[in-house]
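Only one structure is covered here, and it is reproduced in the block below.
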Amino acid sequence: MAAYGARLYKWFRLFRQNSASLYGTCKIPSVSRYGISHKFAVGCGVTLCAIPITQKYDPASLNHETLIKRATGLVTDSANIYLSQTTLALLETLREYTKAVYTLASLHQSYTSLMGKVNANEEDALWQVIIGARAEVQNLQEAYLKFESTWKNAVKLSEMAAEAAYQAGADQASSNARTHIQMAQTQVEEMHQLALQAESKLTASQVEEIKNTREEGTATEESQSSPWDTSGADEDIPEQYQRED
């Protein structure tokens, strides 16, 4: 019996040595009172697969009202994105249009101030620059009017989405959509005011140019008339002083 126990002990020691050399040292997973920790390393090259845990849904969250409320939230999010993109496009185009209008107004002022002070070639060159600036203003005006039409449609769509969310009980989504609409309208209105100021300056410069052009034309006509022209002198002589031939 003692010999059997000795052989069993010897076999057990041999098994431990072979196992250590073959598999290496394995790290034991940490254990707490809540169970085995999720992070542990295995030195023997074995990988563990994550076991999916089935999520339990509350039947109350799958009713029609809840699903409609979630759907309106998605609609308001999409409408907000659409409104943001159209607002950005409109603001950038309006900004470029405003800059072009100010440039054109400055060119008209320069032309007015140089009128009669430069030769015909220089005046014609400046006028060609003005014509190019006018074409750019017209193109940018057409572009911003196009984006403005799209932006107005985006505002209407966002208002409809906000109302739908409100009717479905998604108060937060409705409030966010309406806030987004107000911010977009404020930004566009501010940029519109800047554009109107630029257009007013352009109109004033054009009026001043027309006025100076007329004054210069009148002065030219007066200078071309001869001071010795007495063709109408008889009309100024009273009848009693005129001789009868």
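The values are calculated or read from the model by the stated rules, or taken from the named source; none is laboratory data. Values in this document were obtained by computation on a predicted structure and should not be read as measured data. All Cβ positions, glycine included, derive from the backbone under ideal geometry; neighbour counts span all protein chains shown. Accessible surface is based on the protein model in full, side chains and every heavy atom, while ligands, DNA and RNA are left aside. Shrake-Rupley method; radii C 1.70, N 1.55, O 1.52, S 1.80 Å.
Checked against (1) within 22 Å of the chain's Cα centre (by Cα); (2) closer than 20 Å to LEU194 by Cβ; (3) open to solvent by 50 Å² or more (accessible area, probe 1.4 Å), THR87 passes all but a single condition, namely (3). Checking the conditions here, which among LEU94, LEU107, LEU62, LEU74 is open to solvent by 90 Å² or more (accessible area, probe 1.4 Å) and either more than 30 Å from ALA184 (Cβ to Cβ) or touching a helix residue (DSSP H, G or I) at 6+ places or on another chain (Cβ under 7 Å) (or both)? So the residue among LEU94, LEU107, LEU62, LEU74 that is open to solvent by 90 Å² or more (accessible area, probe 1.4 Å) and either more than 30 Å from ALA184 (Cβ to Cβ) or touching a helix residue (DSSP H, G or I) at 6+ places or on another chain (Cβ under 7 Å) (or both) is LEU62. In the stretch 91-102 there is at least one residue that is modelled with pLDDT of 95 or more and within 30 Å of GLY73 (Cβ to Cβ). Contact map, the stretch 107-130: first residue without any contact (Cβ under 8 Å) to a residue 40 or more places away in the chain, second residue outside any helix (DSSP H, G or I), Cβ cut-off under 8 Å, separation 6 or more or different chains; pairs are GLU123/MET115; LEU126/VAL118.
GLU122 - would you say it is modelled with pLDDT of 95 or more, farther than 23 Å from VAL207 by Cβ and open to solvent by 20 Å² or more (accessible area, probe 1.4 Å)? So GLU122 does not fit the description; no. Is there a residue being touching a Leu at 6+ places or on another chain (Cβ under 8 Å) and either surrounded by 15 or more Cβ atoms within 10 Å (Cβ to Cβ) or over 28 Å from GLU65 (Cβ atoms) (or both) anywhere in the stretch 161-177? Scanning the stretch 161-177 turns up no residue that is touching a Leu at 6+ places or on another chain (Cβ under 8 Å) and either surrounded by 15 or more Cβ atoms within 10 Å (Cβ to Cβ) or over 28 Å from GLU65 (Cβ atoms) (or both). The set of residues from the stretch 178-204 being open to solvent by less than 80 Å² (accessible area, probe 1.4 Å) and either closer than 16 Å to ALA79 by Cα or of a type in the set (Lys, Arg) (or both) comprises THR179, HIS180, ILE181, ALA184, GLN185.
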